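The values are calculated or read from the model by the stated rules, or taken from the named source; none is laboratory data. Please read these numbers as outputs of a predicted model, since none were measured by experiment. For neighbour counting, all protein chains shown are included, and Cβ atoms are generated from backbone atoms with ideal geometry for every residue, glycine included.
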Amino acid sequence: MEKKLYGADIVVDSLRKHGIDLVFGIPGAKIDRLFEMLDGKDSADAPKLVVTRHEQNAIFMAQAYGRLTGKTGVAVATSGPGVGNLTTGIMTANAEGDPVLAVGGQVQRKDLHRATHQSTPSTEIMAPITQYSAEIQDPNNISEIMANAFEASQGTRKGAAFVSLPQDVDDAQVTEKPLPIYEKPKMGPADPADLAKLVELIKHSKMPVILIGQRGADENITRALQRLLHDYAFPVVETYQAAGVVSRDLEEQSYFGRIGLFRNQVGDQLLQQSDLVITVGYDPIEYEPRNWNKEGQLRIVNLDTLPAQIDNHFTPIMQLVGNLATSLDQLDHLLKGYEYPAAAQDQLATYKQQLDQDKKLQAPASNGVSHPLAVVQAIQENVTDDMYVTLDVGSHYIWMARHFRCYQPRHLMISNGMQTLGVGLPWAMVAAMLHPEHKAVAVCGDGGFLFSGAELATAVQHHLNVVTIVWNDGGHYDMVKFQEEMKYPQAAGVKFGDVDIVKYAESFGAAGLRVEQPEDLTAVLKKAFSMDGPVVVDVPVDYSNNKDLAANLIDSQLG
């Protein structure tokens, strides 16, 4: 006798056919059959379900899954507030080019337009912040709507998709067979004639510079870029979300810093001096062109998977749209015999010297607690190239983005599209799930840590090897605080109160450590990295030098 198939079975079939092995979420009555299929007695071939403590963290975890694997991360939540709690994470993933699919429960179809319990126009809420938002109205359409949602999340601009699953569709018997595995579309390289023109532009430029962005930071594109850099010594500036695309062996030759907040970095200065900026997978949301091309005078060539958003500070003289990896390989071949201009070497050496000075900066004595530079250096000493480091948002992330070196793409994970508080711990947990052979490291401020700190319970439940380093300034939203102090007589609305981070961690069953005095920093972090399971380190930090982060701005304006 043929097994009856229900709506939930078809959803799980789609997940399985798209290679999804982890799903994150919180159950509820409107979507309970799907959770039964994911975690019940008949779920042996279903993706593993990770039940989180908040839907927002579930979608953050799906986002990390998407960024780290290239596949679509999946989060599932029930109707009404469950779906509502997904919105921040969906907005973040969509802005930052991470493929995610959220499946939200919904009331029965007969109740959709009544003022009934948890009835919400969820597809209308999600439409402006996703690539695709659809509600399933017929059980026999589940397979095709799921397929289109996956395709939308993996489009030329990767991002978020949302599918609303009414309770009676989830529970309905399905008569149509689910779609088979289908061939995914492939994109070819940019136009050959345009690539040839770019070669001529490069050969006639005095200081061409590559600006690599978030869409240029996946594994295949990074390998193609590194092949190009091994053949031709282009200087490269990374956006925050492209951190790590310049490998360790290419660092001395090609790494010229990162840009992503205040316009005062070596990378900003180099771009200003360039007579040809080649953007690769760059998205304006990472660091607006009005920051790095304020005068609007730079000659820009845009290599991307989709046409650029044109504005007053980003009007490329050429746009080469196509598969970035194959386009870079074609460019590598066409440039044969090219040598980077010798006349630019003195200026590049000056910029390299500035970067090296930043790398060797010694942390000044601080007020009985650790200086940010000392914390960055201590983290650097304990992190191997294979470990994943995730940054929450706050003052700490500026210090880390500027001074922490990373040599593999996606190994330093930063939210720089939405700058969303709370991502650090959930992201690190997924890195630990995907790569249990390495420690995963979450670097958080005390404010951002408390946004998602309840997930420590999930980390303990799954015995994840996550080291969470909390920069504790005594209960302030400091990234807001120090910028307000630069604009107003005093900061307002930035004090949320001190928390005993060690006791908080221990209450979940995690290990809690504290750096009691600055000279203990190295030893405490070394101990944390040697321990098994989730560890939280409370690091009291001195942020009195934070205004230096925004000092010497090229245009005397905050980013």
Original post:
In the range 270-288, what residues are out of contact with any strand residue (DSSP E or B) (no Cβ under 7 Å at 6 or more places or on another chain) and surrounded by 20 or more Cβ atoms within 10 Å (Cβ to Cβ)?
Top reply: Asp283
Original post:
When you go through Val169, Val163, Val199, Val209 one by one, which is the residue that is surrounded by fewer than 21 Cβ atoms within 10 Å (Cβ to Cβ) and aliphatic (A, V, I, L, M)?
Top reply: Val199
Original post:
Of all helices (runs of 4 or more DSSP H) completely enclosed by the range 1-69, which ones contain at least 2 residues that are polar (S, T, N, Q) and under 26 Å from Thr87 (Cβ atoms)?
Top reply: 55-69
**OP:** Please go through the range 274-321 and pick out each residue that is among the basic types (Lys, Arg) and within 25 Å of Gly159 (Cβ to Cβ).
**Re:** Arg290
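Report whether or not Gly80 is at positive phi and crowded, with 17+ Cβ neighbours inside 10 Å.
Taking the combined requirement at face value, the residue satisfies it.
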**OP:** Tally the residues that are surrounded by 19 or more Cβ atoms within 10 Å (Cβ to Cβ) and under 30 Å from Val209 (Cβ atoms), restricting the search to the range 356-391.
**Re:** 10
**OP:** Filter the range 327-355 down to the residues that are small (Gly, Ala, Ser) and exposed (fewer than 11 other Cβ atoms within 10 Å of the Cβ), then identify the one that is nearest to Leu225 (Cα to Cα).
**Re:** Gly337
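If you take the residues of the range 364-403 that are among the polar types (S, T, N, Q) and over 23 Å from the mean Cα position of the chain (by Cα), which of them is nearest to Lys439 (Cα to Cα)?
Narrowing the range 364-403 to residues among the polar types (S, T, N, Q): 366-367, 370, 377, 380, 382, 384, 390, 395.
Pick out the ones that are also over 23 Å from the mean Cα position of the chain (by Cα) and you get 366-367, 370.
Numbers: Ser366: 29, Asn367: 31, Ser370: 23 Å.
Top of the filtered list is Ser370.
Is it the case that Ile210 is closer than 19 Å to Asn416 by Cα and either of a type in the set (Ser, Thr, Tyr) or in contact (Cβ under 8 Å) with a residue 12 or more places away in the chain (or both)?
Against the criterion (closer than 19 Å to Asn416 by Cα and either of a type in the set (Ser, Thr, Tyr) or in contact (Cβ under 8 Å) with a residue 12 or more places away in the chain (or both)), Ile210 does not qualify.
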**OP:** Check the range 39-58 and report whether any residue there is over 24 Å from His463 (Cα atoms), out of contact with any strand residue (DSSP E or B) (no Cβ under 6 Å at 6 or more places or on another chain) and either of a type in the set (A, V, I, L, M, F, W, C) or touching a residue at least 24 places away in the same chain (Cβ under 8 Å) (or both).
**Re:** no
**OP:** Being among the aromatic types (Phe, Trp, Tyr) and either outside the structural domain of Ile414 (by TED's automatic domain parsing) or closer than 15 Å to Thr390 by Cα (or both) is the filter here, so list the residues in the range 452-489 that pass it.
**Re:** Trp471
Original post:
So, in the range 90-128, of the ones that are part of a helix (DSSP H, G or I) and crowded, with 21+ Cβ neighbours inside 10 Å, which residue ends up farthest from the chain's Cα centre (by Cα)?
Top reply: Ser122
Original post:
Taking only pairs six or more apart or across chains, which ones have beta-carbon atoms under 6 Å, a first residue in the range 510-526 that is β-branched (Val, Ile, Thr), and a second residue that is in a loop (DSSP other than H, G, I, E, B) and buried (at least 18 other Cβ atoms within 10 Å of the Cβ)?
Top reply: Val524/Val515
Original post:
So which pairs qualify, if the first residue must be in the range 236-265 and more than 22 Å from Arg67 (Cβ to Cβ) and free of Cβ contacts under 8 Å to residues at least 60 places away in the same chain, the second must be among the aromatic types (Phe, Trp, Tyr) and not in a helix (DSSP H, G or I), the Cβ gap must be under 8 Å, and the two must be at least 6 apart or on different chains?
Top reply: Ser254/Phe234
Original post:
What's the number of the condition Asp249 fails, among (1) within 24 Å of the chain's Cα centre (by Cα); (2) within 20 Å of Gln408 (Cβ to Cβ)?
Top reply: (1)
Subject >> Which listed residue, of Gly80, Gly84, Gly89, is small (Gly, Ala, Ser) and within 25 Å of Gly281 (Cβ to Cβ) >> reply: Gly89
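Considering only residues of the range 245-256 that are in contact with a helix residue (DSSP H, G or I) (Cβ under 8 Å, 6 or more places away or on another chain) and surrounded by fewer than 22 Cβ atoms within 10 Å (Cβ to Cβ), which is farthest from Glu339 (Cα to Cα)?
Result: Ser247.
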**OP:** Would you tally the residues in the range 521-559 being surrounded by fewer than 16 Cβ atoms within 10 Å (Cβ to Cβ), at pLDDT 95 or above and among the charged types (D, E, K, R)?
**Re:** 3
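Select the helices (runs of 4 or more DSSP H) contained entirely in the range 160-263, then report the ones holding at least 3 residues which are over 30 Å from Asp392 (Cβ atoms). Step through it out loud before you land on a result.
On the way: elements: 167-171, 192-203, 219-231, 251-254.
Output list reads 167-171, 192-203, 219-231.
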